[in-house]
Structures are given as structure tokens and as C-alpha cells.
1. I need every pair where a residue in the range A:80-93 that is farther than 16 Å from A:E104 by Cα has its Cβ under 6 Å from the Cβ of a residue that is modelled with pLDDT under 95 and part of a loop (DSSP other than H, G, I, E, B), sequence separation at least 6 or different chains.
2. Condition test on B:Q114, is it more than 23 Å from B:W233 (Cα to Cα) and modelled with pLDDT under 85?
3. Quick one: in the range A:130-149, of everything that is small (G, A, S) and not in a helix (DSSP H, G or I), which residue is surrounded by the fewest Cβ atoms within 10 Å (Cβ to Cβ)?
4. Does any residue of the range A:71-81 turn out to be at pLDDT 85 or above, at the interface with chain B (Cβ under 8 Å from one of its Cβ atoms) and in a helix (DSSP H, G or I)?
5. Within the range B:1-57, how many residues turn out to be more than 7 Å from every other protein chain (Cβ to nearest Cβ), closer than 30 Å to B:V256 by Cα and hydrophobic (A, V, I, L, M, F, W, C)?
6. Being in contact (Cβ under 8 Å) with a residue 24 or more places away in the chain and in a helix (DSSP H, G or I) is the filter here; which residues of the range A:24-52 pass it?
7. Which residue out of A:Y167, A:Y126, A:Y157 is farther than 28 Å from A:L95 by Cβ and either surrounded by 18 or more Cβ atoms within 10 Å (Cβ to Cβ) or aromatic (F, W, Y) (or both)?
8. Which helices (runs of 4 or more DSSP H) does the range B:154-241 wholly contain that include 1 or more residues that are over 24 Å from B:G130 (Cα atoms)?
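The values are calculated or read from the model by the stated rules, or taken from the named source; none is laboratory data. Source: prediction; values computed, not measured. Backbone-built Cβ (ideal geometry, glycine too); neighbour counts: all protein chains shown.
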Amino acid sequence: MTNDAVLAVSHLSKKYCRELRRALWYGVVDTARELLPSASPLTLRAGEFLALDDVSFEVRAGESLAIVGANGAGKSTLLRVLYGLLKPDGGEVRLRGRVEALIELGTGFNPLLTGRENVGVGAALYGLTRRETDALLDEVVDFAEISDAIDAPVQSYSSGMKARLAYALAAHLKPDILLVDEVLAVGDAAFQRKCVSHMHAYLERGGALLLVSHNTYQIQSLCRRGILLDRGRITFSGTAIETLNHMFERRLGADDAMTRIAAPAIGPIVITDVLAEPLQSDEVRNGEPLRITIRYRADEPVDAAWGFSIWTADQWVCVCGASDLRRRSLAAGDGELTCVVPRLPLVGGRYSLRAAIQDFETKQPLALYGWHDAAATLDVRTDATLLANAQMQLNQLVTVEVEWS
Amino acid sequence: MSEIVYTSESELRYPRRFLAEAFADLRHAPGVAWRLFRSHAQARHRRTALGYLWLLLPTLATTLIWVYVQSRRIIAIETTAIPYPIYVLTGMICWQVFVDALNAPLQQLTAARQTITRSRVPHEALILAGVFDVLLNCAVRLLVLAAALIAFQVPVAATALLLPVGLGALAMLGFALGLLAVPLGMLYDDVSRALLMIATFWFFLTPVIYPTPAAGIVRLNPVTPLLDTTRSWLLGGTTANGFAAVTFFAIATLIVAWLFHRLARPHLVARLG
């Protein structure tokens, strides 16, 4: 642990078992093993997997770290270990100062107690005196904006109200390290903004923040650094924006297992390949020229028209396309048709490219590529910028050229 | 600034730290437990028409059944020195304290499952709230006993002032055994079912509805000396041997069960959450 770190995680591992019966039995075994002074070895038993696998990072005072990853990547498990609810199975966690956590939005509250009593319980756990508790209560009620409901049992609260009370309580206990697990997803936009600005102030006062969120705006606004978890391992660590970018790229690459099937011959001509080549740099990028080429094999001469279309990676939505309806007299044998898109409108991400050759007279398709079989893949690269991430977050697909006045 | 370290090692490797943390949680527990207990006591009877009467009804019903059984000679019960209804009622109240305390730890923690898997509320506080509950129930029943004593004109011995000690010892024994069952009971529902069944058998092996025999399994039952002594403090008669020994056993078991539960806690939370 370096001198200025408030939280140091080194080689942290945590085992889990999804089969309930086995998990219960392992619970008995692990409890019994506590009576032995030697640490249990980090070997996986039948049915177990590593929910956290050799995770290491540090957080300093005044610093905020985003933890991102797909569902089941181990984010919540990590926070629970840091909060002391779960015990590591390997490695260690060192914390300097007091830790508060918001795990699954106020489910730590006792539903039968009123909001006021739950705040009292939180304060008592934190070792606050009666006077401090009263002061805390005023601050919490004021921040959470629930003065009307503070004397009603928490079970009668809406999820937004619970989240507000939970955040207000954890934040006003003024911990040195605050762990926030996806709690700001609930609550209206105004309250989310309030929380974000409150967290900024908390960081400026030297607090440390770990934020698990799927909201890229919150992450980008609050965190300078980030780690990407994938099946319990840190697969990327860098700035928050780079981390988000890596996450989105992984997600797009996830369904890469499509197999190519030979195009069925439906007419006198077959498209054998579709290519997309960048002309300006060595990567396909938004705003840069792209050459699209289709290769065909014709059994006999045909009069044709041709075109292509670009689809989302899942091939549900056609993003854009173009057709050249002029007559092309194609000779028998192998040949190519090409065109250039001068400024590619696609934003960063993965797309599918389909092509078609039609009969000139009837406009009926003679050859299709990527309709009944696997389409060509088109990866559009983008730099990790605030704008690029915002586009991904919005599922934006194309940009338009604009002359701003 | 204090540094907290979490590793995979057993907490027993650092006994001083383990005990310091245990006692720190214990210090917080009464304040939190009191808040929980107070609100639960208020909330508990909101959905019942008879309200607090439910604290009395089971005890009264069982007492009436046994008074009927005894008066009709359905089964042979030796005559007691004091009026039989008073004998059974005191026995029932003592027994109920023991059995409520036996069930309290597991019931409390099972009910607070959501809370303990997501917040760091000390389990001690939740369990202690259950103990407060047991004591409240007992206090209400004692009021009925007082009324019955007046109605039957049974004289009360001066040693009745020791009644809280006797009831406290019964609660402690039940509570210690109940806490011992928690780690396994949180994982397997079999334990809570078994506890129910065991309590029924145990009732018949305890001199609640009949006078203590001179020998036999009833004499080996640890509840017997506590119950007999407590009853004799209230109503007079000879006190039983073994009260101090059983009380000491209960305290020792309670401490061991508490520390063992602390070791088991993260493993339970991992399997419950």
C-alpha cells in the first residue's frame, strides 16, 4: 500500500458456487475451517468459480474510481468484500479510514422502521452521539427531500425515496471511503444531478469514491480512473473514458462467433465476397473515405444494377445504403464492382455489410450477399472521447454533416 | 488513521484484534437493538385484532388444558403442594421464557436476511432486539400470574425478589443454545424445524405440568434445576441443586456461541445474499 492510498486491493480473489446445495455445504466447511489457524488454500472445489480473480488496484484520498463491466462481472462482489460483508478467499484488502457503502439502494434499511429510525440506527452504528444524530437527521431529511415521509415505515417508500434516503444517509455520515453500487439509477434527474454535485464536493474534501454504474455520464463526470472487470478479472485499467470505450468495444465484439456460410446460388450470378477498405488511414473511421467492392462470378453475361446496405451488427436495423440503378453489362466469369463513400457517416462500432446484384429490367435480385448467410463485418474505429462515448451510450449510428451558424 | 485489513486468514490468528472487534460491535449493539425492539413492538400488532392479547393466549390456553386434564384425572399427575393452576402457570411462564429465547436468535437473523447481506448492522444488535422481545413477553405474562396469585390467594415467598435472576438464567440458557444453532440454522431450514420438534419433546421432559420426580431423565435436563429453583423462589419450597452450575454453563456456552457466530458470519452472508 503506497503512503497516500486509502484503499489498496492486492491479488484479491473470491470463490463462489452457483449450486445452492453445494454452496450451503461449503458454507459449513468454510465455517468449520475458521477454527483452524491456517488459511484455507485457494483451490476451487466442484461447482465453484472465481467471482473475483487476482484483482489489484489502489485508490488515494480525493480520487474516484469507476468499476465497469457486464452483469455478473464481479462488481458487486468486489464492493461487498471491500465493505467487509464478505471475506476474501485470497489476497488482501487494506483500508485506511471509515467506509460506508450503498449496496442495492437502501435494502440495508429495516423496512419496519421509519426513515427517522433507520437514520438513527445508521448513526448509532457509526458511533454518533445523540446531538450528532439529531444534526445528521436534519441534514439527511433536507438533502433527501422527504420531510413528509420521514416518520413513515420505510416499506411504504417508493424505490426513488429509498434511494434518496440511502444516499443522503451514507453521504452525510462523511466516510473516508464511499462505495456506491448502482444506486443512482433510481431517482429523478434532478436528484441524480444533486448527488453528482454532492460527490464532487465530497471528492474535493479528500473523500475517496468507488462507483459502480452503467450510467456513462455519471462515470465520466465523476471518475478520472476506471477498471473494467470481466468474469472477475481486471481486463483493462486506465482513464474512465478509455475504460468505458473498452467496455463498449468488448460488448460489440461479443457476438463475433457468426459463421460464414457459402452464398446459395439463386441465379446466373453469385457474389463471392464483399470488401470494405479504408482509403485515408489503415482503419475504417467516421468521416473518412471508404471503398466498397463486391466480387462476383457470372455463369452468363447479365445486365444488372447493384447496391449495398449497412446494418447494425445484430442485423435488425438497416442504417443506410446506396444503389446504383444504372445498367451494368457484366460479362461471364469473375469480376468486381466498386464504389467509394467519400465521408463515412457511421459512428464507432461494429456493423454488417450486405450487398445485392439485381436484374436491370425487373429489379429482382439475382445475387444476394449477407441476407440468408453471414454478412461482411464492418468495424468502425473511434477514439475514446467524451463525444464518442456519448454516441455509443445513445446507440447513435450515424452522424450528419452540419454547417453550424 | 486506523487501518483495516481483510484477508483469507482465520480471524483467530489475531485473537486480540478479533476480540477487540467483537466487543466494539457489542458496545454498539444495545443502542441499535433498543431502536429495533421499540419499533418492532409497535409495528408487530398493527395487523392483529387482538393485539397484545396474543402474548398471553398461548400460555393461558396451555395452562387451562392441563388444569382440565389434571382435574378430570385423564392422566395421573401427582398432586402439588400449591394449587395446580398456579403450579402450571408458573411452570409455563418459566418454560416460555426458555423456549422463546431458544428460538429468538435464529428467528431474528432469518427475518433480517435482507439487512445483514447488505449492511453492516452487527448481528449482536439484531439478536439482542430478540432478547428484549422475550423479556417484554415475559413481563406481560408475569402480570397475569400476579392476578392469578391474588385470585387463588397463594402467598408469595420473600425470595420472589430473586425471580428476575431465575428467569434471566432460563433466558440465558435458551439463548445460548439458540445462538449455537444459528450458523447451521441460517444455512439449513432443517434446523429451525428440528428446534420446533425438540422443544415439544423437551417440554414433556421438564417439570412444567408435573412435580419433579426423584430420579430419571427429567433430573438430567438442564432446564429442570433452573425452573424448579425459580418456581420455589416465588412460591416457596425446597430449591433444586444445580442452579449455579447450569447458569455457569449457559454463560460459557453463550460466549463460545457468540464468538463462533462471528467467525461464521461472512460465510453465512456469502450464502444468503
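1. Matching pairs, first to second residue: A:P88/B:S8; A:D89/A:L42; A:D89/B:S8; A:G90/A:L42; A:G90/B:S8.
2. yes
3. A:S147
4. So far as the range A:71-81 goes, yes, one or more of its residues are at pLDDT 85 or above, at the interface with chain B (Cβ under 8 Å from one of its Cβ atoms) and in a helix (DSSP H, G or I).
5. 12
6. Answer for the range A:24-52, where residues must be in contact (Cβ under 8 Å) with a residue 24 or more places away in the chain and in a helix (DSSP H, G or I): there is none.
7. A:Y157
8. B:190-204, B:217-220, B:223-235
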